[in-house]
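The values are calculated or read from the model by the stated rules, or taken from the named source; none is laboratory data. Quantities reported herein were computed from a predicted structural model and do not represent experimental measurements. All Cβ positions, glycine included, derive from the backbone under ideal geometry; neighbour counts span all protein chains shown.
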Amino acid sequence: MNKVDLNLPVRVGAAVIGPLSILRMTTQEAVQLVRTSVKLHYPVEIAICNAHTTLTALDNPAFAATLQEMTLLNDGVGIDLAGRFLTGESFPDNLNGTDLVPAILADIDVPLRIFLLGASEARVQLAKDYIERVYPQHQVVGARNGYFDMSDCSTVCSEINRTAPDLLLVGMGNPRQENFIVQNRANLDATVAIGVGALFDFLSGSVIRAPKMVQAAGLEWLFRLLQEPRRLFHRYVIGIPRFFAALIRLKYGKSEN
């Protein structure tokens, strides 16, 4: 059972996709979740699940168990189609991190102390500059790159804790960012931690976002593939058919040969 249902004043449904229970939240409900957590100083760990994240969890039971420790939100047309296919109900909003985090920063009505962890040093510093310029009501209290060995997590946690952030944004990709959050949660002095994927790449201007018409058509994945074909070929060209084959097995109980 998702812990947000038990401990925060949010009552929403969820779509069960394999081992994952992904909340059906509107953008404003997600912002309210973060607002309530910050005001109550109640720790919340958020993972934003797209088709790639979900397929990785289906392939890797250990990663699925990690995600089960977190509050799960939906990202992308693949998850929306999965929700409709498996449960007959779509998600109310697309809560990808690239849109959700700016919505949180714009609408939360609470000044936040923010720490950015992930991407290269140049990109995370540019993302820091962007947030400070566009959302001056908040304070970015720290930023560091995501290129560290997991054996150095205690040092990274100490660096984060010195700043006592309300919001920790972790952009290191799946499953590294979720593993970092869950494995180190007891040692992190941050109220809300969110795995944000490529957010810092977009905020820094290093990666161009798809035009609004492309986003609305559900083809942002194709735009990204055309930008970075070598890096994203396996995720999209191979991963998408595997994801939908997995959904068919989930619905009709077919096992792999």
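Overview of results
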quantity: Number of the exception - D80 against (1) among the charged types (D, E, K, R); (2) closer than 19 Å to Q215 by Cβ; (3) in contact with a Lys or Arg (Cβ under 9 Å, 6 or more places away or on another chain); calculated: (3)
quantity: Residue selected from region 36-52 under the condition of a type in the set (A, V, I, L, M, F, W, C) and not in a strand (DSSP E or B), by the criterion surrounded by the fewest Cβ atoms within 10 Å (Cβ to Cβ); calculated: L40
quantity: Checklist (1) over 16 Å from the mean Cα position of the chain (by Cα); (2) closer than 27 Å to I108 by Cα; (3) of a type in the set (F, W, Y) applied to F180, failing item; calculated: (1)
quantity: Long-range neighbours under 6 Å by Cβ, at least six apart or interchain, first residue over 21 Å from V156 (Cα atoms) within region 116-141, second surrounded by 20 or more Cβ atoms within 10 Å (Cβ to Cβ); calculated: Y130/L203; I131/V140; E132/V140; H138/L112; H138/I114
quantity: Neighbours by Cβ (under 7 Å, 6+ apart or cross-chain): first from region 171-185, farther than 15 Å from D201 by Cβ; second assigned to a helix (DSSP H, G or I) and not hydroxyl-bearing (S, T, Y); calculated: P175/F63; E178/L67; F180/C153; N184/C153; N184/C157
quantity: Options L72, L55: the member that is surrounded by 19 or more Cβ atoms within 10 Å (Cβ to Cβ), touching a strand residue (DSSP E or B) at 6+ places or on another chain (Cβ under 6 Å) and at pLDDT 95 or above; calculated: L72
quantity: Test result for A210, closer than 27 Å to R123 by Cβ and of a type in the set (A, V, I, L, M, F, W, C); calculated: yes
